[in-house]
């Protein structure tokens, strides 16, 4: 079984960060959220391993406050 790799695998991590920021530049908040959703689905498909995907989802949610209304 594969495991989620969390250490940087980029030769230049700053370049990767800038590419993500630049992709969001000049987008309305709704379009930015849509970009994030599309990117998540593309990368999830690229991973192709449900166990790794679930591990990544759990790690991404870790420490986030419950934002449900009410």
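Each value in this text was obtained by applying a stated rule to the coordinates, not by laboratory testing. In this text the structure is predicted, and so the values were computed from the model without any measurement. Neighbour counts run over all protein chains shown; Cβ positions are idealised from the backbone, glycine included.
Residues being in a helix (DSSP H, G or I), loosely packed, with under 10 Cβ neighbours inside 10 Å and within 13 Å of the chain's Cα centre (by Cα) are entirely absent from region 10-17.
Mind checking which residues of region 20-36 are surrounded by 10 or more Cβ atoms within 10 Å (Cβ to Cβ) and part of a helix (DSSP H, G or I)?
Going residue by residue through region 20-36, those that are surrounded by 10 or more Cβ atoms within 10 Å (Cβ to Cβ) are 20, 23-24, 27, 31-36.
Correct list: 20, 23, 24, 31, 32, 33, 34, 35, 36.
Within region 30-57, residues that are farther than 19 Å from residue 6 by Cβ sit with their Cβ atoms under 8 Å from residues that are assigned to a loop (DSSP other than H, G, I, E, B), at 6+ positions apart or across chains, in these pairs: 35/27.
Might you let me know whether region 62-69 holds any residue that is part of a helix (DSSP H, G or I) and out of contact with any strand residue (DSSP E or B) (no Cβ under 7 Å at 6 or more places or on another chain)?
no
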